[in-house]
1. Check 167, 147, 152 and return the single one that is under 19 Å from the mean Cα position of the chain (by Cα), under 15 Å from residue 25 (Cβ atoms) and among the small types (Gly, Ala, Ser).
2. Between a residue in region 14-34 that is within 17 Å of residue 158 (Cα to Cα) and open to solvent by 20 Å² or more (accessible area, probe 1.4 Å) and any residue that is in a helix (DSSP H, G or I) and at pLDDT below 65, which pairs come within a Cβ distance under 6 Å, given they are 6 or more apart or on different chains?
3. Looking at region 176-208, which of the residues that are over 16 Å from residue 27 (Cβ atoms) and touching a residue at least 60 places away in the same chain (Cβ under 8 Å) is surrounded by the fewest Cβ atoms within 10 Å (Cβ to Cβ)?
4. So is residue 76 under 30 Å from residue 152 (Cα atoms) and open to solvent by less than 50 Å² (accessible area, probe 1.4 Å) or not?
5. Picking from 113, 65, which residue would you name as being more than 31 Å from the chain's Cα centre (by Cα) and at negative phi?
6. Provide a single number: the residues in region 117-156 that are assigned to a helix (DSSP H, G or I) and of a type in the set (Lys, Arg).
7. Can you give me the number of residues within region 79-100 that are open to solvent by 50 Å² or more (accessible area, probe 1.4 Å) and closer than 30 Å to residue 129 by Cβ?
8. Going by the conditions given, is residue 170 part of a helix (DSSP H, G or I), under 18 Å from residue 49 (Cβ atoms), open to solvent by 40 Å² or more (accessible area, probe 1.4 Å) and modelled with pLDDT under 90?
Amino acid sequence: MSERSRILDPIDRLSEIIFGLLMALSFTGTMSSVAGGEGGVNAVLVAALGCNIAWGIVDGVMYVLTTVVERVRRRGFLDRLRHERLDRARELFLESLPDDVRRVSSPKETEALLVRVRALSPDPRHRVVTARDLKAAVAIFLLVVASTLPPSIPFLLTDVGLAMRASNAIALAMLFVIGARLGRYMGRSPWPMALAMTAIGAVLVAVTILFGG
């Protein structure tokens, strides 16, 4: 699948799963101190799911909002390049280039590229929010909510003490795999990022246990 055809890029997808996992850990890690019985366990699981549903909605809405802001900002920038004097447009264009690209681009190359950009016709559709944005928001919501489920399953199958340890192990294993995927996406060895993500989860577990989990 090409990068363009993906609704969310790997960083967005994995980041949302990490966020949901850490949210779930913050609830399940304190299960022993707040759950006095089956009803208490169910209450905490419902609270964890409800919190992730709420944050999934917030994350999805914020994704659409930031995407819209960036899209409008980019269109405004292109409009400025078209309508500013050539010397001012050249200055704005150079400022927008990454440092590495600016260092290896000759004045002739940047000038030719600027001329082509200024010649682009404005997009007549001017859609602020697209169907792709809404699909991405739904995908974010589902990722955040779904990431709550694996660490919660042990609490439905066994007693609280054993379930907490199993839940923590599942979450840490998921963080390890996600970290490895992030490392590969960065073009580096997967192990440092996998261990770093696992360490973050372990610290959160340790903190919740320290405070009575």
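1. Residue meeting the stated conditions: 147.
2. If the second residue must be in a helix (DSSP H, G or I) and at pLDDT below 65, the pairs left are 30/208.
3. Checking each candidate, the answer is 185.
4. no
5. 113
6. Residues in region 117-156 being assigned to a helix (DSSP H, G or I) and of a type in the set (Lys, Arg): 3 in total.
7. The qualifying residues number 7.
8. no
The values are calculated or read from the model by the stated rules, or taken from the named source; none is laboratory data. Owing to the predicted nature of the structure, the values given are computational and were not obtained by experimental measurement. Backbone-built Cβ (ideal geometry, glycine too); neighbour counts: all protein chains shown. To get the accessible areas, we keep the full protein, side chains included, count just its heavy atoms, and leave off ligands, DNA and RNA. Shrake-Rupley method; radii C 1.70, N 1.55, O 1.52, S 1.80 Å.
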